[in-house]
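Each reported figure results from applying straightforward, stated rules to the coordinates on display, with no laboratory input. For clarity, every value in this text was computed on a predicted model and none was experimentally measured. Please note: Cβ atoms are built from the backbone with ideal geometry, for glycine as well, and neighbour counts cover all protein chains shown.
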Amino acid sequence: MQDEDRTLPAALAAAHAEGFSTDHDGHDFEPYDEFMWSVETLEWWQSWTGNPTAGTAPFRVFGQDGSGGLAAFWIRVPDAPIETQPIVFLGSEGELNVIASNLGDYLWLLANGVGPLETVDGIHRTTTPIPPLTAIAQRYTRTGDTHRATAMVIDAAQAELRALTTLVDTTAR
């Protein structure tokens, strides 16, 4: 068995270290300290799709909600940096959504006080920006944005949903 690098990108680890998942309302999210092991991800992918021959799971899982749904980078472009890949949610009851189109947008969701899975169920509360997460988003995003609105992040992510749905539909049995 080979060792695999399960280290989260520095920006993701820094954001998750801020404790947003437990310290703010509306966040039902348990971030991992490292990526889920690829063998475990493969077993989950085969079970979730009902396809024991599904092949390598194109995801790097970094957290879950309370029901067992997973948040992950979707490795849509295999040789591209992970920070540029979409971030998705694959729910325990078959829910499917693109949370953010890349890590920078994910950081802006967190900075705006939006939990990663609220984009799936809808934001049913008044959100409040979180200054330490805003500082992280500003530091790690390359756009030079001083702020990126939640609606813009969600709209950009939804552009990826059709391709994700196609992937799941062609893999599931």
Given region 37-173, what whole percent of its Cα pairs are spread farther than 25 Å?
25 percent
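Mind checking region 71-104 for GluC sites (Glu not before Pro) that DSSP puts in a loop (not H, G, I, E or B) and that have at most 10 other Cβ atoms within 10 Å?
On the way: sites: GLU83, GLU93, GLU95; in loops: GLU93, GLU95.
Passing sites in region 71-104 are GLU93.
If you rank ASP28, ASP79 by fewest surrounding Cβ atoms within 10 Å, what's the result? Walk me through the numbers on the way to the answer.
Numbers: ASP28 15, ASP79 5.
Sorted ascending by nearby Cβ count, the order is ASP79, ASP28.
Taking 8 Å as the Cα distance limit and 6 or more residues as the minimum spacing, I'd like the relative contact order of region 1-105 as a percentage. Don't skip to the end; give the middle numbers.
Working: 157 pairs, mean separation 18.8, N = 105.
The normalised contact order for region 1-105 reaches 18 percent.
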Using only the alpha carbon atoms of region 98-173, find the Kirkwood hydrodynamic radius as the inverse mean reciprocal pair distance, in angstroms to one decimal.
13.1 Å
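By count of other Cβ within 10 Å, fewest leading, how are GLU118, GLU30 ordered? Spell out each step's value before the answer.
Values: GLU118 21, GLU30 14.
The most exposed by this proxy come first: GLU30, GLU118.
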Pull up all non-local amide H partners of ILE123: gap of 5 or more, or a different chain, and H-to-H distance under 5 Å with H placed in the peptide plane.
none
Could you identify which residue out of HIS147, HIS16, HIS124 has the top mean-square fluctuation in a GNM of the chain using Cα springs shorter than 10 Å?
HIS124
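Roughly how big is the chain's charge dipole about its Cα centre, with Cβ charges of +1 (Lys, Arg) and -1 (Asp, Glu), in debye to the nearest 20?
Details: 9 positive and 24 negative charges, 100 e Å.
That gives a dipole near 480 debye.
Sort SER67, SER38 so that the residue with the fewest other Cβ atoms within 10 Å of its own Cβ comes first and the one with the most comes last.
On the way: SER67 11, SER38 16.
Result, fewest neighbours first: SER67, SER38.
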